[in-house]
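First up is the structure itself, then whatever we jot down about it.
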Amino acid sequence: MAGAATRTSIDALIDQIGAGVPDATQYQRLTTLHLEILEARQLAASDPFSAAYRDAAFALYLSIRGRTEQGYEAVRDEPPATPLPEQLWSGLVPWSFRDTGVVSEHLLAWSRIFRHMTLEPGGAVLEYGPGSGQILLMLARLGYRSCGVDIDPVALQAITLQAAHLGLPVETEQGAFGDGFAGERFDVILFYEAFHHALDFEELLIRLHARLKPGGRVVLCGEPIVGVPTAAIPYPWGPRLDALSVFCIRRFGWMELGFTHDYFAAVTRATGWRMRHDIAACGRASTYVLEPDGAPRDHAAALSAGSETWRRNAATRRTRQMLRSTRKTVRAWRLARQ
């Protein structure tokens with residue numbers, strides 16, 4: 001059952017997990033709780049395009065992390081959660097959960113990703129943050145050029161070992177989002193449960209234009225983008241407050257951002273993208289597809305205009321969010337009656 005929690009109670013749950021990562025039961029338990037925090041209300045009332053908002057969101061991340069003096073550095077603070085497992089084929093996510101329900105969510109998400117790639121034979125895919133590399137391995141088996149960039153050397157080692165065993169030509173490089181492969185261009189750039197680790201996501205969205213071939217697209221799946229503000233994401237964007245995200249921030253230092261749909265649509269539009277989305281009943285499988293809008297643009301001016309539009313449309317946005325919330329409630333009521 002979902003509910004609010006204090007830092008102390010969440011820390012107690014984290015202590016119960018110990019030095020490792022949550023098992024399937026602990027994982028599900030963490031997703032049912034959220035951290036109640038005063039700063040969230042202040043952030044929700046601010047302009048999400050402003051520098052002041054970004055500073056406040058970052059300060060909130062540091063507060064949750066509990067080591068404010070260290071700041072944030074992706075190379076240092078996005079470490080692997082676990083070492084390379086001894087049993088490579090059963091010890092990597094999602095198989096390591098030992099839970100068919102969790103694995104089924106990933107399988108559904110992967111099918112949505114493939115549906116939205118629309119690749120020609122021999123096309124090239126660059127995945128940022130590939131984790132255990134399951135999607136890259138499947139793409140290589142399909143005959144596509146399969147490339148991955150991750151900041152985590154353990155993840156890259158696991159991918160390399162799997163690819164070598166299967167005789168698949170998967171290419172990997174260690175690097176940050178937006179980097180890698182000497183600036184080559186790709187037919188598809190993929191983020192699966194990864195984009196939300198990008199603190200400088202506006203800059204990243206701008207940089208990705210230069211990494212796509214003509215007619216290319218960016219596919220994002222499993223990202224924490226919600227239709228209306230929730231207890232876990234009560235503002236346009238910022239660190240997520242569900243206990244699982246708090247665990248990852250406090251234990252590892254990971255950047256765990258969340259977004260509302262309205263804000264994500266606004267920021268992608270301001271950074272030069274046409275966006276369409278395919279929302280699934282399972283949030284992990286919800287997919288966003290970004291395609292260049294084809295018009296040269298002054299990104300700084302567009303982001304400034306996005307800020308003005310955001311403030312001007314506040315009333316319309318609240319009405320739209322209320323309607324989404326009502327539709328969600330009605331759907332839940334109908335399902336409960338079936």
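The values are calculated or read from the model by the stated rules, or taken from the named source; none is laboratory data. These numbers come from a predicted model, not from an experiment. Don't worry about glycine lacking a Cβ; one is built from the backbone with ideal geometry, like all the others, and counts go over all protein chains shown. Accessible surface areas use protein heavy atoms only, side chains included; no ligands, DNA or RNA. Shrake-Rupley method; radii C 1.70, N 1.55, O 1.52, S 1.80 Å.
List of remarks:
- Cα-centre dipole for the chain with unit charges at Cβ (Lys and Arg positive, Asp and Glu negative), debye to 20: 1580 debye
- Accessible area per residue was computed with a 1.4 Å probe on protein heavy atoms; Thr326 scores about 80 Å².
- Here's the picture: charge each Lys and Arg Cβ at +1 and each Asp and Glu Cβ at -1 in the chain, and of Gly306, Gly71, Gly180 the one pushed furthest to the positive end of that dipole is Gly306.
- Accessible area (Å², per residue) of the chain, counting only protein heavy atoms and a probe of 1.4 Å: 48 Å²
- Rg(Cα)/(2.2 N^0.38 Å) for the range 94-193, N = residue count: 1.04
- Taking only the Cα atoms of the range 1-152, the radius of gyration and Dmax are 19.3, 53 Å.
- Taking each DSSP H run with n ≥ 4 as -39500 (n - 2.57) and averaging over every residue of the chain yields -13500 deg cm²/dmol at 222 nm.
- Percent accessible area from carbon and sulfur atoms, the range 1-141, protein chains only, probe 1.4 Å: 55 percent
- Cα Rg over Rh - the range 210-255, Kirkwood: 1.13
- Antiparallel bridge percentage (DSSP; both residues within the chain; nearest 5): 35 percent
- Across the chain, C-alpha contacts under 8 Å between residues 6 or more apart give a mean separation that, scaled by the residue count, equals a relative contact order of 19 percent.
- Put simply, the Cα atoms of the chain extend 55, 53, 52 Å along their principal axes, the longest span coming first.
- By accessible area, using a 1.4 Å probe on protein heavy atoms only, the range 246-297 has 53% of its surface on carbon and sulfur.
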